[in-house]
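Student: The structure is given below, and queries will be raised subsequently.
The values are calculated or read from the model by the stated rules, or taken from the named source; none is laboratory data. Everything numeric in this text was worked out from a predicted model, so none of it was measured. Because the Cβ atoms are built from the backbone with ideal geometry, glycine has one as well, and the counts that use them run over all protein chains shown. What goes into the accessible areas is simple: the full protein's heavy atoms, side chains included, and nothing from ligands, DNA or RNA. Shrake-Rupley method; radii C 1.70, N 1.55, O 1.52, S 1.80 Å.
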Amino acid sequence: MIKILVVALALFAGLQLVARFWPLVYADWPGGPMAPGHATQTHLSGYYIRRDDLPFTQIRAAILADPRHEILMQDARLKVLLRSRFWGFKDIIELWRDESGTHLRGHSSVGGSDWGSNKKRIEAWIAD
């Protein structure tokens, strides 16, 4: 029983280290371009929404209010690294506004799936 507990704790600690220290991959959005006429795009590793009525400054403030954020780029486009609360997985969030509306997308930079965490996070920001 003790061996199983030790192995489980070692596995947990190893996963924590991998999540925290894995190099950041500056990959672009994996879902490809947004198709004309569409407002959302879901990808296995992220979520992308584009709407006219999204309050840009309010969403920007919500992103920057997260204590786990790290600004990667801040010019016409805000690009932020956010870590998940428990595991510390790295997600890349992008926010910008153009003639077609406000764009907000987030995707995981590690692994092939984010388990819907970016969609939940983005929908919470929009609901506020």
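Student: Of the residues that make up segment 95-105, is at least one of a type in the set (Gly, Ala, Ser), at negative phi and without any contact (Cβ under 8 Å) to a residue 12 or more places away in the chain?
Tutor: Initial filter on segment 95-105 (of a type in the set (Gly, Ala, Ser)): 100-101.
Remaining after also requiring at negative phi: 100.
Now drop any that are not without any contact (Cβ under 8 Å) to a residue 12 or more places away in the chain, which leaves none.
Checked against the condition, which is being of a type in the set (Gly, Ala, Ser), at negative phi and without any contact (Cβ under 8 Å) to a residue 12 or more places away in the chain, segment 95-105 yields no hits at all.
Student: Shifting gears a bit: Among the residues of segment 78-98, write down those that are farther than 20 Å from HIS43 by Cα and open to solvent by 30 Å² or more (accessible area, probe 1.4 Å). I'd like the intermediate steps shown before the answer.
Tutor: Restricting attention to segment 78-98, the residues satisfying the condition of being farther than 20 Å from HIS43 by Cα are 78, 85-88, 97-98.
Result: ARG85, PHE86, TRP87, ARG97, ASP98.
Every residue, every condition in (1) assigned to a helix (DSSP H, G or I); (2) under 15 Å from GLY101 (Cα atoms); (3) modelled with pLDDT of 80 or more, yes or no:
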residue	(1), (2), (3)
ARG20	yes, no, no
PRO23	no, no, no
TYR26	no, no, no
GLY31	no, no, no
ILE49	no, yes, yes
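Student: Of all residues in segment 37-47, which are part of a strand (DSSP E or B) and in contact with a Ser or Thr (Cβ under 8 Å, 6 or more places away or on another chain)?
Tutor: Residues of segment 37-47 that are part of a strand (DSSP E or B), as a first pass: 40-43, 46-47.
Across segment 37-47, the qualifying residues are GLY46, TYR47.
Student: Do we have any residue at all in segment 26-44 that's open to solvent by 30 Å² or more (accessible area, probe 1.4 Å), within 14 Å of the chain's Cα centre (by Cα), of a type in the set (Asp, Glu) and under 30 Å from PHE12 (Cα atoms)?
Tutor: Among the residues of segment 26-44, at least one is open to solvent by 30 Å² or more (accessible area, probe 1.4 Å), within 14 Å of the chain's Cα centre (by Cα), of a type in the set (Asp, Glu) and under 30 Å from PHE12 (Cα atoms), which makes the answer yes.
Student: Inspect segment 51-67 for any residue being in contact (Cβ under 8 Å) with a residue 12 or more places away in the chain, basic (Lys, Arg), outside any loop (DSSP other than H, G, I, E, B) and open to solvent by 60 Å² or more (accessible area, probe 1.4 Å) and give the result as yes or no.
Tutor: Within segment 51-67, one or more residues are in contact (Cβ under 8 Å) with a residue 12 or more places away in the chain, basic (Lys, Arg), outside any loop (DSSP other than H, G, I, E, B) and open to solvent by 60 Å² or more (accessible area, probe 1.4 Å).
Student: Based on what the data block shows, is GLY14 surrounded by 10 or more Cβ atoms within 10 Å (Cβ to Cβ) and in a helix (DSSP H, G or I)? Break it down stepwise before answering.
Tutor: Values: surrounded by 10 or more Cβ atoms within 10 Å (Cβ to Cβ): yes; in a helix (DSSP H, G or I): yes.
Against the criterion (surrounded by 10 or more Cβ atoms within 10 Å (Cβ to Cβ) and in a helix (DSSP H, G or I)), GLY14 qualifies.
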